[in-house]
Amino acid sequence: METKTTTSKTAAKSAVKTTTKVAAKIPAKKDAAKNLNDLFEDALKDIYWAEKALTKALPKMQKNATDEELKKAIESHLAETEEHVSRLEECFAKLGKKAQAKKCDAMQGLLDEGKSIMEETEPGAVRDAGIIAASQKVEHYEIATYGTLAAYAKVLEQNECLKLLLQTLEEEKKCDQLLTKIADTTLNSKSK
């Protein structure tokens with residue numbers, strides 16, 4: 001019996017070895033971040049692009065929503081998002097840098113998914129539930145990003161930027177909570 005168990009374990013290890021591929025090292029680009037400050041500035045450019053893209057996407061989501069509470073929440077968050085853009089511009093200024101956007105592939109993917117959800121759902125409660133799901137994915141990405149940026153700002157002793165980033169982080173969390181409340185109170189039940 002022990003021979004079979006040993007043989008089975010050896011076969012399993014061999015199978016894992018043959019199916020596991022060796023991960024390749026990714027070479028850094030010429031303009032790659034060399035320190036935390038570079039990484040911080042690069043991430044600011046990313047989220048700056050993302051927030052600006054959201055100012056264009058949110059009106060489309062609002063127009064496609066049917067629930068009045070959801071429409072109001074999107075309208076309110078659009079005003080906050082415009083403020084987020086301004087705060088990021090202020091953060092760049094505090095760093096002595098010109099505000100610069102760099103395409104955020106993650107946000108582009110989330111916005112594309114949101115558009116796809118709207119195309120693949122009938123107007124009404126089902127589409128509204130889909131808009132909330134897509135919006136919360138965006139909020140979760142933003143929460144993660146602003147949390148990371150705040151951590152970097154703290155280490156870099158960029159206290160003025162830290163204050164701005166934490167303010168935006170709190171607004172993103174509140175938006176996520178509001179979307180959950182809207183979904184839980186009416187929309188998810190209506191979309192059955």
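Read the figures in this text as sums done on the coordinates, not as results from a lab. On a predicted model such as this, the values are computed, not experimentally measured, just so you know. All Cβ positions, glycine included, derive from the backbone under ideal geometry; neighbour counts span all protein chains shown.
Are any residues in the range 98-112 in a helix (DSSP H, G or I), of a type outside the set (Asp, Glu) and out of contact with any Leu (no Cβ under 8 Å at 6 or more places or on another chain), and if so, which ones? Answer for the range 98-112, where residues must be in a helix (DSSP H, G or I), of a type outside the set (Asp, Glu) and out of contact with any Leu (no Cβ under 8 Å at 6 or more places or on another chain): Ala106, Gln108, Gly109, Leu110. When the range 67-97 is filtered for residues that are part of a loop (DSSP other than H, G, I, E, B) and exposed (fewer than 15 other Cβ atoms within 10 Å of the Cβ), the ones remaining, listed by number, are Gly96, Lys97. Kindly indicate whether any position in the range 175-190 is in contact with a Gly (Cβ under 9 Å, 6 or more places away or on another chain) and closer than 22 Å to Ser86 by Cα. Within the range 175-190, none of the residues are in contact with a Gly (Cβ under 9 Å, 6 or more places away or on another chain) and closer than 22 Å to Ser86 by Cα. Here Tyr146 fulfils each of the conditions (1) under 20 Å from Lys173 (Cβ atoms); (2) surrounded by fewer than 19 Cβ atoms within 10 Å (Cβ to Cβ) apart from (2).
Considering the conditions (1) without any contact (Cβ under 8 Å) to a residue 12 or more places away in the chain; (2) hydrophobic (A, V, I, L, M, F, W, C); (3) part of a helix (DSSP H, G or I), Ala33 is excluded by exactly one of them, (3). Please verify whether Glu119 is of a type outside the set (Lys, Arg) and more than 20 Å from the chain's Cα centre (by Cα), treating the condition exactly as stated. Yes: the conditions hold for Glu119. From the list Thr168, Thr121, the one residue that fits, being polar (S, T, N, Q), free of Cβ contacts under 8 Å to residues at least 24 places away in the same chain and either in contact with a helix residue (DSSP H, G or I) (Cβ under 8 Å, 6 or more places away or on another chain) or assigned to a helix (DSSP H, G or I) (or both), is Thr121.
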